[in-house]
Amino acid sequence: MALLISPSVLSCDFANIQRDVEMLNSSVADWFHIDVMDGVFVPNISFGFPVISAITRHATKTMDVHLMIANPDRYIEDFKKAGADILTVHYEACPHLHRTIQAIQAAGMRAGVALNPHTPVSLLEDVIQDLDLVLIMSVNPGFGGQKFIKNAVNKVVQTKDLIHRTGSKALIEVDGGVNIETGLQLVKAGADVLVAGSFVFNSTNPQQTIQDLKNLK
């Protein structure tokens, strides 16, 4: 499978968000990564439903929505209505994870589970066959531009092994501190999807930067 690139819209220019969405449309990016934060699960607040719906109206690619929020079950249908194609929740935020996964898929979205840097991959053993995506956090969630946590590479290897052992079809996505150097390490470890925010939007040529990530092997 070809490597997928999911630029994080959290790092775009909010005063020119339509311009940046259209730039991503015309790039080789595969997905739009939308980080949703509530100021409770993480110490930051980001997009609400009106902004996500506005992005969806202009975006022509898969909407990859990452919920860094408490009680995500309350909002599953709302994120579907706002345009989410993939909905990823945090293991740490879901006491009844099977039920959450089933509700996401019943709403017509692909279901992902994210793991914070300190959360072991082994905790996914009982749900991995139900998942469409595993998101390995290579920074602590809440803010863009953080330094890459190297152990994320080992966690990708562990996740790939778990997927192979169980026959799961889940993709492995990595979010945080992704650039050419770390991206190459992650791809070699078995990552299927790379999320990149500040590395893309702070570059002088975002479309070329996305292409460079896409070419990693």
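The table below lists the values:
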| item | result |
| --- | --- |
| Some residue of the range 124-145 being surrounded by fewer than 16 Cβ atoms within 10 Å (Cβ to Cβ), modelled with pLDDT of 95 or more and in contact with a Ser or Thr (Cβ under 9 Å, 6 or more places away or on another chain) | yes |
| Test: I149 is without any contact (Cβ under 8 Å) to a residue 40 or more places away in the chain, out of contact with any Lys or Arg (no Cβ under 6 Å at 6 or more places or on another chain) and on the phi < 0 side of the Ramachandran plot | yes |
| Pairs where the first residue, in the range 49-66, is touching a residue at least 12 places away in the same chain (Cβ under 8 Å) and the second is part of a helix (DSSP H, G or I) and among the charged types (D, E, K, R), C-beta under 7 Å, 6+ apart | F49/D78; H58/E22 |
| Close pairs from the range 162-179: first buried (at least 19 other Cβ atoms within 10 Å of the Cβ), partner of a type in the set (D, E, K, R) and assigned to a strand (DSSP E or B), Cβ under 8 Å, at least 6 apart | E173/D64 |
| Residue list for the range 159-217, restricted to those being of a type in the set (D, E) and part of a strand (DSSP E or B) | E173, D175 |
| Per-region count, the range 115-153, residues in contact with an Asp or Glu (Cβ under 7 Å, 6 or more places away or on another chain), closer than 16 Å to A196 by Cα and in a loop (DSSP other than H, G, I, E, B) | 1 |
| Filter result (in contact with a helix residue (DSSP H, G or I) (Cβ under 9 Å, 6 or more places away or on another chain) and basic (K, R)) within the range 99-153 | R99, R110, K150 |
| Scope the range 92-115; condition touching a strand residue (DSSP E or B) at 6+ places or on another chain (Cβ under 9 Å) and either touching a residue at least 60 places away in the same chain (Cβ under 8 Å) or surrounded by fewer than 19 Cβ atoms within 10 Å (Cβ to Cβ) (or both); matching residues | E92, Q102, A103, Q105, A107, R110, G112, A114 |
| The lone exception for T56 - which of (1) farther than 29 Å from F14 by Cα; (2) among the β-branched types (V, I, T); (3) in contact with a Gly (Cβ under 7 Å, 6 or more places away or on another chain) it fails | (1) |
| Hits in the range 1-35 (condition: farther than 15 Å from D192 by Cβ and of a type in the set (D, E)) | D13, D20, E22, D35 |
| Unmet criterion (only one of (1) more than 17 Å from L10 (Cβ to Cβ); (2) in contact with a strand residue (DSSP E or B) (Cβ under 9 Å, 6 or more places away or on another chain)) for M137 | (1) |
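The values are calculated or read from the model by the stated rules, or taken from the named source; none is laboratory data. None of the values given here were measured: they were computed from a predicted structure. Every residue, glycine as well, gets a Cβ built from its backbone with ideal geometry; the counts of neighbours run over all protein chains shown.
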